[in-house]
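Colleague: Handing you this structure, nothing more for now.
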Amino acid sequence: MKGCAFHWSQEVLRRVQHEGLADVYRRRGGVSKLIRMLMTLRFLPAPHIRDFETLELMATTDATRRLVVYIRRQWVHGRSFQPRDWSVFR
């Protein structure tokens, strides 16, 4: 199974809303940049996705930390999905 860029973005944006970050995301500040960087992970080769500590360090609020933890647990080191499943890099 190969990932779908649309569905990846949808899942990240749903979590952004869940964490109360939607308004901050629309304002185009630092949090917006972090979220955009997280959403573009799907374009990297799968082996490069596993090392996203730099993005984790950019999460400076409780809500952004929860978002990064969710992505790490669910999508990067999760049991159901691995980066090779959702990376669209060819």
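Colleague: Run the helix sum for the chain: -39,500 (n - 2.57) per DSSP H stretch of 4+ residues, divided by residue count, reported at 222 nm to the nearest 500 deg cm²/dmol. Don't skip to the answer; put the middle values down first.
Modeller: Numbers: 7 runs with 53 residues, N = 90.
Result for the chain: -15500 deg cm²/dmol, rounded to the nearest 500.
Colleague: Can you give the FRET efficiency to the nearest 0.05 for Ser32 and Arg66, using r as the Cβ-Cβ distance and R₀ = 25 Å? Could you put the intermediate results ahead of the total?
Modeller: Numbers: r = 17 Å, r/R0 = 0.67.
Between Ser32 and Arg66 the formula returns 0.90.
Colleague: Could I ask something else about it? If you bin the C-alpha pair distances of the chain every 5 Å from 0, what whole percents do you get?
Modeller: Taking every Cα pair in the chain, the percentages come to 2, 15, 28, 27, 17, 9, 2.
Colleague: Can I ask one more? At His7 and His77, where each label point lies 7 Å from the Cα along Cα→Cβ, what is the point-to-point distance in nanometres?
Modeller: Each label point lies 7 Å from its Cα, and together they span 2.5 nm.
Colleague: Suppose R0 equals 25 Å; then what is the FRET efficiency for Arg84 and Thr54 from their Cβ-Cβ distance, rounded to the nearest 0.05? Could the numbers behind the result be given before it?
Modeller: Numbers: r = 21 Å, r/R0 = 0.83.
For Arg84 and Thr54, the calculated efficiency is 0.75.
No lab work stands behind these numbers, since they all come straight from the coordinates. Source: prediction; values computed, not measured. For neighbour counting, all protein chains shown are included, and Cβ atoms are generated from backbone atoms with ideal geometry for every residue, glycine included.
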